[in-house]
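The values are calculated or read from the model by the stated rules, or taken from the named source; none is laboratory data. Being a predicted model, the structure only gives us computed values, none of them experimental. Because the Cβ atoms are built from the backbone with ideal geometry, glycine has one as well, and the counts that use them run over all protein chains shown. Quick note on the areas: whole protein, heavy atoms, side chains included, nothing else; ligands and nucleic acids left out. Shrake-Rupley method; radii C 1.70, N 1.55, O 1.52, S 1.80 Å.
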Amino acid sequence: MQRKKNHEYLTVEHILLAVIHNDWGIDIINGCGGNVNSLSAQLEDFFSKKIPLLPENARNYPEPTLAFRRVLQTAVNHTMSAEKQETDAGDVL
């Protein structure tokens with residue numbers, strides 16, 4: 001999804017955007033008192049103001065930030081230690 005937007009970086013905010021487009025992620029956010037629609041709007045605003053874009057003709061992909069990598073690695077480590085087969089939105093959050 002974000003490749004089409006030509007973002008130069010993949011950030012933890014991209015992970016949150018993915019989570020709020022996942023049924024389980026939506027249930028978790030709502031269960032914690034969050035507002036998915038508000039989060040989505042705030043994330044889109046953040047992306048438009050804070051994330052640099054790759055040039056139109058760029059052939060490379062967005063670069064994952066160190067924080068992005070750490071969040072996913074932590075989620076995978078949690079999944080493995082829990083002896084689960086798949087990492088889901090709950091593990092990421």
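Across the options L16, L39, L54, the greatest Cα extent toward the positive end of the charge dipole of the chain (unit charges at beta carbon of Lys, Arg, Asp, Glu) belongs to L54. In this rough spin-label picture, where each label sits 7 Å from Cα along the Cβ direction, the T87-C32 distance is 1.7 nm.
What is the chain by shape, rounded, prolate or oblate, if you read a ≥ b ≥ c off the alpha carbon gyration tensor as root eigenvalues and call it rounded for a/c under 1.5, prolate for a/b larger than b/c, and oblate otherwise? Oblate, because a/c is 1.5 or more while a/b does not exceed b/c. The modelled label-to-label distance for the pair Y61/K4, using points 7 Å beyond Cα in the direction of Cβ, is 1.8 nm. Principal-axis analysis of the Cα atoms of the chain puts helix 66-81 at an angle of about 20° to the longest axis. Treating r as the C-beta distance of H21 and N77 and R0 as 22 Å, the FRET efficiency rounds to 0.40.
Surface exposure of the chain, expressed per residue as accessible area with a 1.4 Å probe, stands at 70 Å².
Of the trypsin sites (Lys or Arg not before Pro) found in segment 1-61, the ones in coil according to DSSP and having at most 16 other Cβ atoms within 10 Å of their Cβ are R59.
Taken over the chain, lysine pairs spaced eight or more positions apart, or on distinct chains, with alpha carbons under 22 Å apart number 4.
Residues whose amide H lies under 5 Å from that of L53, counting only those 5 or more places away or on a different chain, are E8; hydrogens are built 1.01 Å from N in the peptide plane. The residue among N30, T79, T65 whose Cα reaches farthest toward the positive pole of the charge dipole of the chain, with charges on the beta-carbon of Lys, Arg, Asp and Glu, is T65. Among 62-71, 13-22, 81-90, the peptide with the highest mean count of other Cβ atoms within 10 Å heads the list, and the full ranking is 13-22, 62-71, 81-90. Basic side chains Lys and Arg get +1 at the Cβ, acidic Asp and Glu get -1 at the Cβ, and with that the dipole of the chain about its Cα centre reaches some 380 debye.
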